[in-house]
1. Give me the one-decimal nm value for the distance between modelled label points at ASP98 and LEU24, 7 Å along each residue's Cα-to-Cβ direction.
2. When the Cα centres of segment 2-42 and segment 82-124 are compared, how far apart do they sit, in Å?
3. What list of ³J(HN,Hα) values in whole Hz, one per residue of segment 75-91 in order, does the Karplus curve 6.51 cos²θ - 1.76 cosθ + 1.60 (θ = phi - 60°) give from phi, with Gly and Pro shown as x?
4. What spacing in nm lies between the two simple spin-label points modelled at ASP122 and ASP65, each 7 Å away from Cα in the Cβ direction?
5. Residues with amide H under 5 Å of GLN59's amide H, sequence separation 5 or more or different chain, H placed in the peptide plane at 1.01 Å from N; which?
6. Calculate one ³J(HN,Hα) per residue across segment 47-63 by plugging θ = phi - 60° into the Karplus curve 6.51 cos²θ - 1.76 cosθ + 1.60, and present them in order as whole Hz with x for glycine and proline.
7. Would you please name the chymotrypsin sites (Phe, Trp or Tyr not before Pro) within segment 1-74 that are DSSP coil residues with at most 10 other C-beta atoms within 10 Å of their C-beta?
Amino acid sequence: MILLDTSVWIDHYRSSNATVVQLLNDGCVLSHPFVCGALACGNLRNRETTLRLHQLLPQAARVYDGEILAFIEANDLSAKGIGLVDVHLLASTLLTSDAQIWSLDRRLTDAARALGIAFEPDLYSRIDSDGRAVYEGVPENATDVIEKEGMQ
């Protein structure tokens, strides 16, 4: 399952993204209340329908505010150029079984790579039966390396 950051949704709504469409069609997109809330703060076409559909997507696990400070410290996330919402999304992705996060924000993507949960759309091929991304042209045993260390 892939948690799409607000940046991916905004880009998709401006100009349809084939990977987003494929992930949606495959039933592999996660939502999070902070992403839905951020989108609600913006200017959406078909606003009511769009927000309702976001709320119908499977939800990533929630992290409580009291856990976030410990998560920041335990994962060395201070002074990385990411904000509190980004940290919540990272923690939620880690708590959600077989989840990855996709963002167009470089710093959030770097943090996700360091945690081994970054979705790499340029290499993406499909989602396997366990809900994990399969990467095009990458040997099966290399997938864990991509997810843990990211592609440079």
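Just so you know, all these numbers are worked out from the coordinates, no wet-lab data involved. All values derive from a computational prediction rather than experimental measurement. Cβ sites come from the backbone with ideal geometry, for glycine too, and all protein chains shown count toward neighbours.
1. Label-label distance for ASP98 and LEU24, simple model: 2.3 nm.
2. Distance between centres, Cα-based: 13 Å.
3. Karplus-based 3J(HN,Hα) across segment 75-91 equals 10, 6, 9, 6, 6, 9, x, 10, x, 4, 4, 4, 5, 4, 5, 4, 4 Hz.
4. It works out to 3.9 nm between the two label points.
5. Amide H neighbours of GLN59, under 5 Å, 5+ apart: SER31.
6. Karplus-based 3J(HN,Hα) across segment 47-63 equals 3, 4, 5, 4, 5, 5, 5, 4, 6, 7, 5, x, 9, 5, 4, 9, 10 Hz.
7. Values: sites: TRP9, TYR13, PHE34, TYR64, PHE71; in loops: TYR64.
Hits after loop and neighbour filter: TYR64.
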